[in-house]
Amino acid sequence: MREKLKALGLSYNEQRVYLSLIKIGETSVGDIIKDINAHRQSVYNALEELEEKDLVIKNKKNGTNHYKISNPDEFLNNLKKKELIAKQLGEEISEELSKSKHEHEINVFDGREKIRHFFFNRDKKLPKGSELCVISNYANKYKEVLGGEFLSKEYNQLLIKRNLNIKIISSELFREEFTKLSEELGNIKNRKIKFVPNDLINPMATEIWEDGISFSSFEKDWFVIEIKNAFFAKSYKTYFDFLWKTAKN
């Protein structure tokens, strides 16, 4: 039980005092001190913190303060309060950032979970029906890094929901891989794939959207570099459009 209390954010002394109240029931500070053999002030501090979290109730009997644990559902209520505060804080931060957008921003994401988070949240924020351009030789590697289940059950469903216009350019060498992956995921009506000669594709995957661009490496070390810069994205989009015209279905 102590490990669970710790996971819910209770300090060492709060855990000991809370468990003591479970064992003893409603009691005075003196009984708690005797039970856990702790310093009086440490017990008072822990009780005060538990009261603030609505986990302990204080009653006065015969001029002496007595304490008992409150309804255990308060743990869940506290989590809901924190979730609400976190959501409100996130909205406030996003609003402030939108007021003072920097000319450019560079972010690096490494490891499967961070890379998944980047792709999912980026595409979730893209306007419905907007265009996403991809230059990549990664098909099997893409599935390996993100995971087949995540691709089919979460990410692919998001792409369909956002109705994104996805254009992919790869080299002829990887035509079979991309065709197979596309069949596994199911055809998305707005996803088109074209192919160019093998020597025209950069080893790193490039993705371009309205105001940003990313470079992905899925070799020995998995990482994605995101650059938020509308001018930079526009320049790469010009290069992509040239390749798209020369590429073959």
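The values are calculated or read from the model by the stated rules, or taken from the named source; none is laboratory data. Quantities reported herein were computed from a predicted structural model and do not represent experimental measurements. Glycine also receives a Cβ, built like all others from the backbone with ideal geometry; neighbour counts cover every protein chain displayed.
Quick notes on this structure:
- Of 70, 100, 130, all but one fail to be modelled with pLDDT of 90 or more and among the hydroxyl-bearing types (Ser, Thr, Tyr); the exception is 130.
Matching residues to (1) of a type in the set (Gly, Ala, Ser); (2) surrounded by 13 or more Cβ atoms within 10 Å (Cβ to Cβ); (3) in contact with a His (Cβ under 9 Å, 6 or more places away or on another chain):
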| position | (1), (2), (3) |
| --- | --- |
| 153 | no, no, no |
| 156 | no, yes, no |
| 162 | no, yes, no |
| 186 | yes, no, no |
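- Flag for residue 51 being outside any loop (DSSP other than H, G, I, E, B), free of Cβ contacts under 8 Å to residues at least 24 places away in the same chain, under 22 Å from residue 77 (Cα atoms) and under 40 Å from the mean Cα position of the chain (by Cα): yes
- Filter result for residue 47 (crowded, with 16+ Cβ neighbours inside 10 Å and modelled with pLDDT under 85): no
- Of all residues making up segment 155-165, the number that are touching a helix residue (DSSP H, G or I) at 6+ places or on another chain (Cβ under 7 Å) and not in a helix (DSSP H, G or I): 1
- Scanning segment 196-213 for residues that are within 20 Å of residue 139 (Cβ to Cβ) and out of contact with any Lys or Arg (no Cβ under 8 Å at 6 or more places or on another chain) yields 197, 198, 199, 200, 201, 202, 203, 204, 205, 206, 207.
- Filter pass, residue 115 being in the same structural domain as residue 215 (by TED's automatic domain parsing), modelled with pLDDT of 85 or more and either assigned to a strand (DSSP E or B) or touching a Pro at 6+ places or on another chain (Cβ under 8 Å) (or both): no
Residues are listed down the side, and each one gets a yes or a no for (1) buried (at least 18 other Cβ atoms within 10 Å of the Cβ); (2) touching a helix residue (DSSP H, G or I) at 6+ places or on another chain (Cβ under 6 Å); (3) of a type in the set (D, E, K, R); (4) in a helix (DSSP H, G or I):
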{"site": "137", "(1), (2), (3), (4)": "yes, yes, no, no"}
{"site": "182", "(1), (2), (3), (4)": "no, no, no, yes"}
{"site": "203", "(1), (2), (3), (4)": "no, no, no, no"}
{"site": "214", "(1), (2), (3), (4)": "yes, no, no, no"}
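- Out of 59, 45, 78, one residue alone is in contact (Cβ under 8 Å) with a residue 24 or more places away in the chain, out of contact with any Ser or Thr (no Cβ under 7 Å at 6 or more places or on another chain) and in a strand (DSSP E or B). It is 59.
- Condition check for residue 220: modelled with pLDDT under 85, assigned to a loop (DSSP other than H, G, I, E, B), surrounded by fewer than 13 Cβ atoms within 10 Å (Cβ to Cβ) and within 27 Å of the chain's Cα centre (by Cα): yes
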